[in-house]
């Protein structure tokens, strides 16, 4: 009897209250505001356009007004279509359809000046997440039919203005992680292929973030921020449904758990005003995906039933953007970016996360009808090259998925910010 919990890696997608798919590379979500979409999130740790700087760099809260509120919503439409090139799935057939679908990613932030130098803030967002969903009888169903990961992050913060040039900030992060993963139990024969196992688990954990902002001149801002890794041990159940559910000890419902350390991130940002109308923005960030070399799925009792060898690497992201002040009411935004994937090669690319490098092309605008009221709209297209997969799990009864993914992502978002 093959092992009953399979592939999939604790990778996935998203949101504070809703769920869907998206994204920066891996399963990190940059959509912590919608106002940054238009400039591809360039300058994110230094721009401080609204209260969402609570997430990107708490030190920049000192640049905001006495009180500010910012709420946003991003719509994300990823597409993952497999072109099969000789996969082996036993009784399972088909390419699974489009594993992506529309998702909504909300955010909300508040900042409050406690004095001339001290500012407090609170953020609610979803820094990680993913949903992939295939047809139930597709050729890779024994590796994954559905994988969903959602996070909810609460981020109280404080910032201190040291002098006219320097500010520092610090925040705490309470994070909720929910995982739901479903697959066919095995493909040894048709009967087993009609039995499915779901891993449904969650966890609460803590992390922290910090930042510094340097303003060497009135035209230049440089921000450096860090978000810590968050170590989760999700606990829940393995649940079996289908023709053979409960027929064998290995196919009965049981408590289970898995441990995953969600990665840390460094961001270095520059914002440079060129003249009265033009502002340039730049970003370099590094995400420590190597914190997930593997994930052990543990049945209680029974020990490890599956090791997910993700073999992630650390990644870099580079972004360049511009703002153009058209008039007192309108600002235009432009941006490009390049994201590396943490997946090393086709053999470690899993169907639950058919991730690859991607290039962002972004445009947006900001409307200020009256001082203190700002509306942002942004749209981005993420160009993803053809992505090869050759994931061989025949030895453990889950077949081999071989082929090429045709993938892309569209982002569309709006943000409302109020200073009062």
Task: Selection within the stretch 302-321 - out of contact with any helix residue (DSSP H, G or I) (no Cβ under 7 Å at 6 or more places or on another chain) and under 30 Å from residue 48 (Cα atoms) - done: 316, 317, 318, 319, 320
- [ ] Give 390, 352, 362, 356 a once-over and let me know the one that is touching a helix residue (DSSP H, G or I) at 6+ places or on another chain (Cβ under 6 Å) and within 30 Å of residue 293 (Cβ to Cβ).
- [x] 390
- [ ] Note down all Cβ pairs under 7 Å where the first residue falls in the stretch 275-288 and is under 29 Å from residue 341 (Cα atoms), the second is in a strand (DSSP E or B) and at pLDDT below 95, and they're at least six residues apart or on different chains.
- [x] 287/28
Task: Residues that are part of a strand (DSSP E or B), free of Cβ contacts under 8 Å to residues at least 60 places away in the same chain and over 21 Å from residue 220 (Cα atoms), drawn from the stretch 305-318 - done: 307, 316
Task: Odd one out for residue 55, checked against (1) at pLDDT 95 or above; (2) more than 19 Å from the chain's Cα centre (by Cα); (3) outside any strand (DSSP E or B) - done: (2)
TODO: Mind listing just one residue for me: the one in the stretch 83-95 that is closer than 12 Å to residue 141 by Cβ and touching a strand residue (DSSP E or B) at 6+ places or on another chain (Cβ under 6 Å) and, of those, surrounded by the fewest Cβ atoms within 10 Å (Cβ to Cβ)?
DONE: 95
Open item on the list: Looking at 275, 264, can you tell me which residue is surrounded by fewer than 14 Cβ atoms within 10 Å (Cβ to Cβ), at pLDDT 95 or above and closer than 30 Å to residue 318 by Cα?
Closed with: 275
Task: Any chance residue 138 is crowded, with 23+ Cβ neighbours inside 10 Å and over 20 Å from the mean Cα position of the chain (by Cα) - done: yes
TODO: State all residues of the stretch 213-235 that are farther than 16 Å from residue 58 by Cβ and part of a loop (DSSP other than H, G, I, E, B); if no residue qualifies, say none.
DONE: 218, 219, 229
Task: Residues satisfying the stated conditions in the stretch 404-420, i.e. buried (at least 21 other Cβ atoms within 10 Å of the Cβ) and under 30 Å from residue 91 (Cβ atoms) - done: 405, 407
Task: Single residue of 168, 124 found to be assigned to a strand (DSSP E or B), modelled with pLDDT of 95 or more, within 29 Å of residue 221 (Cβ to Cβ) and more than 17 Å from the chain's Cα centre (by Cα) - done: 168
Task: Some residue of the stretch 236-253 being without any contact (Cβ under 8 Å) to a residue 40 or more places away in the chain, within 29 Å of residue 42 (Cβ to Cβ) and either touching a helix residue (DSSP H, G or I) at 6+ places or on another chain (Cβ under 8 Å) or not in a strand (DSSP E or B) (or both) - done: no
- [ ] Determine whether residue 380 is within 30 Å of residue 196 (Cβ to Cβ) and either in contact (Cβ under 8 Å) with a residue 60 or more places away in the chain or not in a strand (DSSP E or B) (or both).
- [x] no
Open item on the list: Let me confirm something: among 321, 347, which residue is surrounded by 15 or more Cβ atoms within 10 Å (Cβ to Cβ), in contact (Cβ under 8 Å) with a residue 24 or more places away in the chain and outside any loop (DSSP other than H, G, I, E, B)?
Closed with: 321
- [ ] Within the stretch 257-304, work out how many residues are more than 27 Å from residue 233 (Cα to Cα) and in a loop (DSSP other than H, G, I, E, B).
- [x] 4
Open item on the list: On the basis of being modelled with pLDDT of 95 or more, surrounded by fewer than 24 Cβ atoms within 10 Å (Cβ to Cβ) and closer than 29 Å to residue 35 by Cα, does residue 104 make the cut?
Closed with: no
Task: Selection within the stretch 283-311 - modelled with pLDDT of 95 or more and surrounded by 18 or more Cβ atoms within 10 Å (Cβ to Cβ) - done: 283, 285, 287, 288, 289
Task: Qualifying position, being free of Cβ contacts under 8 Å to residues at least 60 places away in the same chain and more than 20 Å from residue 203 (Cα to Cα), among 138, 174, 160 - done: 138
Open item on the list: Exactly one of these conditions fails for residue 266: (1) under 30 Å from residue 325 (Cα atoms); (2) in contact (Cβ under 8 Å) with a residue 60 or more places away in the chain. Give me its number.
Closed with: (2)
TODO: Hey, can you tell me all the residues within the stretch 351-370 that are over 30 Å from residue 418 (Cα atoms), part of a strand (DSSP E or B) and either without any contact (Cβ under 8 Å) to a residue 12 or more places away in the chain or out of contact with any strand residue (DSSP E or B) (no Cβ under 6 Å at 6 or more places or on another chain) (or both)?
DONE: 353
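The values are calculated or read from the model by the stated rules, or taken from the named source; none is laboratory data. Since this is a predicted model, take the numbers as computed values, not measurements. Every residue, glycine among them, receives a Cβ derived from its backbone with ideal geometry; neighbour counts consider all protein chains shown.
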